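The values are calculated or read from the model by the stated rules, or taken from the named source; none is laboratory data. On a predicted model such as this, the values are computed, not experimentally measured, just so you know. Methodologically, a virtual Cβ is constructed for each residue, glycine included, from the backbone with ideal geometry; neighbour enumeration extends over all protein chains shown.
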Amino acid sequence: MSEIEPDTRDWADVLEAGCTECGFTGDEDVSAVPDYASTSAEVWNEVLARPNAAERTQPDRWSDVEYAAELSQISGDQWDRVGYRADGREFTVTSLTRYGLHELRHHLQDVGA
């Protein structure tokens, strides 16, 4: 399958605007992330057990395995610590965790789970 056209959207805007595609509001309680991550992990196990999980089944989306691999970059333990993305956007661990929560939720929606 051909290369996927790069997504140029700044997905960090879901922190303020939410995401109508997956129901993320941007106001989620970050203390609920561990429970949500555990529940999501169970669903991801089911998704990754699909016979075609490694295949790109649509020309405009990654495989289920590729979506899952992107999630491996999520971490943080100092909630108010500030960092900056290459484009200058400021994140705290809290906002980055919310962004990660959106990634978990949205990518499950992307794979139809």
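Tabulated values for the structure
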read-out	value
First in the range 26-43 and under 15 Å from residue 113 (Cβ atoms), second anywhere and assigned to a helix (DSSP H, G or I), Cβ under 7 Å, 6 or more apart	36/101; 36/104; 37/104; 40/104; 40/108; 43/108
Tally, over the range 1-14, of residues that are part of a loop (DSSP other than H, G, I, E, B) and either more than 24 Å from residue 92 (Cα to Cα) or of a type in the set (Val, Ile, Thr) (or both)	7
Candidate set: the range 77-96, residues that are of a type in the set (Gly, Ala, Ser) and exposed (fewer than 10 other Cβ atoms within 10 Å of the Cβ); chosen: the one nearest to residue 15 (Cα to Cα)	88
Lone qualifier among 111, 43, 33 - being in contact with an Asp or Glu (Cβ under 7 Å, 6 or more places away or on another chain), among the hydrophobic types (A, V, I, L, M, F, W, C) and surrounded by 13 or more Cβ atoms within 10 Å (Cβ to Cβ)	111
Residues of the range 29-48 that turn out to be of a type in the set (A, V, I, L, M, F, W, C) and either at pLDDT 90 or above or in a loop (DSSP other than H, G, I, E, B) (or both), as a count	3
Test: residue in the range 49-69 that is closer than 28 Å to residue 88 by Cα, modelled with pLDDT of 85 or more, of a type in the set (S, T, N, Q) and surrounded by fewer than 13 Cβ atoms within 10 Å (Cβ to Cβ)	no
Residues within the range 59-72 that are touching a residue at least 12 places away in the same chain (Cβ under 8 Å) and assigned to a helix (DSSP H, G or I), tallied	6
Residue in the range 15-28 that is assigned to a helix (DSSP H, G or I), at pLDDT 90 or above, out of contact with any strand residue (DSSP E or B) (no Cβ under 6 Å at 6 or more places or on another chain) and over 22 Å from residue 4 (Cα atoms) present	yes
Selection from the range 15-25 of residues that are farther than 15 Å from residue 109 by Cα and under 13 Å from the mean Cα position of the chain (by Cα)	15
Among the residues listed as 89, 85, 50, 56, the single one being over 13 Å from the mean Cα position of the chain (by Cα), in contact (Cβ under 8 Å) with a residue 40 or more places away in the chain and under 24 Å from residue 3 (Cα atoms)	56
